[in-house]
Amino acid sequence: MKDFVRASTEEQIADRREEIISACEEIYLAGGYDAVTFKAISEKTSFSRPSIYNYFDTKEEVMMDLLTRYFVGWLDGIKGGLSSGDVSRERFCRIISEVSAEHENMFLLFTDLKLIEDGSGISHIIAFKGHFREFIEYICGFMDANFHASEQSREGFLEGLMMLFYGSYPHTHLSDKQTAAMEAAGVPYAPTDLRTLFYHQLMLFTSSFRSMRRHP
């Protein structure tokens, strides 16, 4: 039986939470939502199952914090890619697409978001939504500074991007059974990857945008 020693500093608490989140990530990527349990997490960490309750009340709270970790990394990547100054509409879409392709696991986790939020305490959800607000404020500010776009066009872009958050992973990761069923039913489907899907859709969502400056 693992001995639990209570963390005595904020740094120790943060380190232990990160260890739990990292174990959750490994389990989720290998087996999906149902595979994540406190028992499974305890087997991959230095914590006993009961001691995990000192840091999280439910497995969904661990997954919510994992999604927050993913989202912060994704947003930092977007900011870094767009920080070089003025960009064309094409480069704007390409950067978001490339960074998104590097964070496919985030979009996988989005497919279980309703279950995760339903099982999480409100403070964990608020923390995630705060980063989401940061993204919206940043991207709207960027669009204001670089593109002529109506309010309706900007809202359409954000709505389209939200659809990609929830639907891009299932669309680009069909199982063999799903693909075979679509073929048998005569449903047209062109396999694509997440980067390509994002780029084509973002170019469509921004088709009415006009750059404020000429680009070579």
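The values are calculated or read from the model by the stated rules, or taken from the named source; none is laboratory data. Since the model is a prediction, treat every value here as computed from it, not as a measurement. Every residue, glycine as well, gets a Cβ built from its backbone with ideal geometry; the counts of neighbours run over all protein chains shown. Only protein heavy atoms, including side chains, enter the accessible area calculation; ligands, DNA and RNA are left aside. Shrake-Rupley method; radii C 1.70, N 1.55, O 1.52, S 1.80 Å.
The figures follow:
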quantity: Qualifying position, being free of Cβ contacts under 8 Å to residues at least 40 places away in the same chain, among the hydroxyl-bearing types (Ser, Thr, Tyr) and either closer than 26 Å to Met64 by Cβ or touching a Leu at 6+ places or on another chain (Cβ under 7 Å) (or both), among Thr172, Thr179, Thr111, Thr192; calculated: Thr172
quantity: Count of residues meeting criterion [in a loop (DSSP other than H, G, I, E, B), open to solvent by 30 Å² or more (accessible area, probe 1.4 Å) and either in contact with a helix residue (DSSP H, G or I) (Cβ under 6 Å, 6 or more places away or on another chain) or farther than 30 Å from Asn146 by Cα (or both)] in region 43-85; calculated: 6
quantity: Odd one out for Thr192 among (1) of a type in the set (Ser, Thr, Tyr); (2) open to solvent by 30 Å² or more (accessible area, probe 1.4 Å); (3) part of a helix (DSSP H, G or I); calculated: (3)
quantity: Any hit, region 43-52, residues being in contact with a Pro (Cβ under 9 Å, 6 or more places away or on another chain) and at pLDDT below 95; calculated: no
quantity: Evaluation of Arg89 against (1) touching a residue at least 40 places away in the same chain (Cβ under 8 Å); (2) under 23 Å from His124 (Cβ atoms) (one fails), failing number; calculated: (2)
quantity: Test result for Leu115, hydrophobic (A, V, I, L, M, F, W, C), within 23 Å of Leu194 (Cβ to Cβ) and open to solvent by 50 Å² or more (accessible area, probe 1.4 Å); calculated: yes
quantity: Residue match in region 27-42 (condition: within 15 Å of the chain's Cα centre (by Cα) and open to solvent by 80 Å² or more (accessible area, probe 1.4 Å)); calculated: no
quantity: Breaking point among (1) modelled with pLDDT of 95 or more; (2) surrounded by fewer than 13 Cβ atoms within 10 Å (Cβ to Cβ), for Leu108; calculated: (2)
quantity: Residue in region 129-139 that is more than 25 Å from Phe56 (Cα to Cα) and free of Cβ contacts under 8 Å to residues at least 24 places away in the same chain present; calculated: yes
quantity: Residue count, region 134-153 (criterion: closer than 17 Å to Arg89 by Cα, open to solvent by less than 60 Å² (accessible area, probe 1.4 Å) and part of a helix (DSSP H, G or I)); calculated: 9
